[in-house]
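The values are calculated or read from the model by the stated rules, or taken from the named source; none is laboratory data. What you see is a predicted model, and the numbers here were worked out from it, not measured in a lab. We place every Cβ from the backbone using ideal geometry, glycine too, and count neighbours over all the protein chains shown.
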Amino acid sequence: MIDLYFWTTPNGYKPLILLEELALPYHIVPVNIGVGEQFTPNFLAIAPNNRIPAIVDHDPPDQKGPLSLFESGAILEYLATKNNHFLPSSLRPRYKALQWLHWQMGGLGPMAGQNHHFGHYAPQKITYAIDRYVKETARLYAVMNKQLADSEFLAGDYSIADMACYPWVVPHQRQQQNLDDFPHLKRWFEAIGNRSAVLAAYACGKTINTKQTVTDASKAILFGQDASTIKG
């Protein structure tokens, strides 16, 4: 059994999609980040960065007791490796997939996240910041579009790289991106969105978060953190 500490963010959906694709038994532990549940001692014990997602695997390969992991990329790599699926075992295909996974972790996610923040949540509309991140999001979409011109999926076969990137393209309209400008990306996006596991993951999410996450009251929790947030 896998415990998935989850909220309905792009990063949260990444391991949920993989769990559905693998048809593994899992239990969702909701962590409502809008009211500060990410700061509870129980959650911090497994996710010291106070961010979702995180998992606890109660049946890890080493059989040394429950294994906890935070960081969505590490979770995807762990589950795919453990189950020998959606991440090739041979050298070159494996690292082709992993490079796109790390590309999402270091590029698409952070840049699209800043796009969301300055476009929708920042108290002041800073034109330079909005333009900067809208353009960078477009550049990253173009990188994917170019890769997908000659490949059905980002690393050839469907993999955790696609599962990592897809949730960050779901809010493309909020990111001021038109998928018609990226036809190969659009084809990929529609194909993944029609997979039964992806449909199941998003249907599950809708049952967990039934209210708006980011409200005026929650912004101080989500966007007001600094070094003092981390208590020794």
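Filtering the stretch 135-165 to residues that are farther than 25 Å from Leu16 by Cα and outside any helix (DSSP H, G or I) leaves Ala149, Asp150. Of the listed requirements (1) within 26 Å of Ile28 (Cα to Cα); (2) part of a helix (DSSP H, G or I); (3) out of contact with any helix residue (DSSP H, G or I) (no Cβ under 8 Å at 6 or more places or on another chain), Gly73 misses just one: (3).
Does Glu77 qualify as being surrounded by 14 or more Cβ atoms within 10 Å (Cβ to Cβ) and on the phi > 0 side of the Ramachandran plot? Taking the combined requirement at face value, the residue does not satisfy it.
In the list Pro167, Pro183, which residue meets the criterion of being surrounded by fewer than 17 Cβ atoms within 10 Å (Cβ to Cβ) and either within 22 Å of Gly106 (Cα to Cα) or not assigned by TED's automatic domain parsing to the domain that holds Ile28 (or both)? Don't jump to the end; show me each part of the working.
On the way: Pro167 fails: surrounded by fewer than 17 Cβ atoms within 10 Å (Cβ to Cβ).
Sole residue among the options that is surrounded by fewer than 17 Cβ atoms within 10 Å (Cβ to Cβ) and either within 22 Å of Gly106 (Cα to Cα) or not assigned by TED's automatic domain parsing to the domain that holds Ile28 (or both): Pro183.
Taking the conditions exactly as written (free of Cβ contacts under 8 Å to residues at least 60 places away in the same chain and either part of a strand (DSSP E or B) or at negative phi (or both)), does Pro61 satisfy them or not?
On the way: free of Cβ contacts under 8 Å to residues at least 60 places away in the same chain: yes; either part of a strand (DSSP E or B) or at negative phi (or both): yes.
Taking the combined requirement at face value, the residue satisfies it.
Applying the selection to the stretch 89-107, what residues are basic (Lys, Arg) and either surrounded by fewer than 17 Cβ atoms within 10 Å (Cβ to Cβ) or touching an Asp or Glu at 6+ places or on another chain (Cβ under 8 Å) (or both)?
Of the stretch 89-107, the ones basic (Lys, Arg) are 92, 94, 96.
Passing the criteria: only Arg92.
When Lys64 is tested against (1) under 19 Å from Trp168 (Cβ atoms); (2) among the basic types (Lys, Arg); (3) surrounded by fewer than 19 Cβ atoms within 10 Å (Cβ to Cβ), only condition (1) is not met.
Which residue is surrounded by the fewest Cβ atoms within 10 Å (Cβ to Cβ), if the candidates are limited to the stretch 32-58 and must be assigned to a loop (DSSP other than H, G, I, E, B) and among the aliphatic types (A, V, I, L, M)? Give the derivation first.
Keep residues of the stretch 32-58 that are assigned to a loop (DSSP other than H, G, I, E, B), which gives 32-36, 40, 45-53, 58.
Those still in the list that are among the aliphatic types (A, V, I, L, M) too: 33, 35, 45-47, 52.
Numbers: Ile33: 22, Val35: 13, Ala45: 11, Ile46: 17, Ala47: 20, Ile52: 25.
The residue in question is Ala45.
Out of the residues in the stretch 76-115 that are in contact with a strand residue (DSSP E or B) (Cβ under 9 Å, 6 or more places away or on another chain) and either assigned to a loop (DSSP other than H, G, I, E, B) or among the basic types (Lys, Arg) (or both), which is farthest from Tyr128 (Cα to Cα)? Across the stretch 76-115, the extreme among qualifying residues is Lys82.
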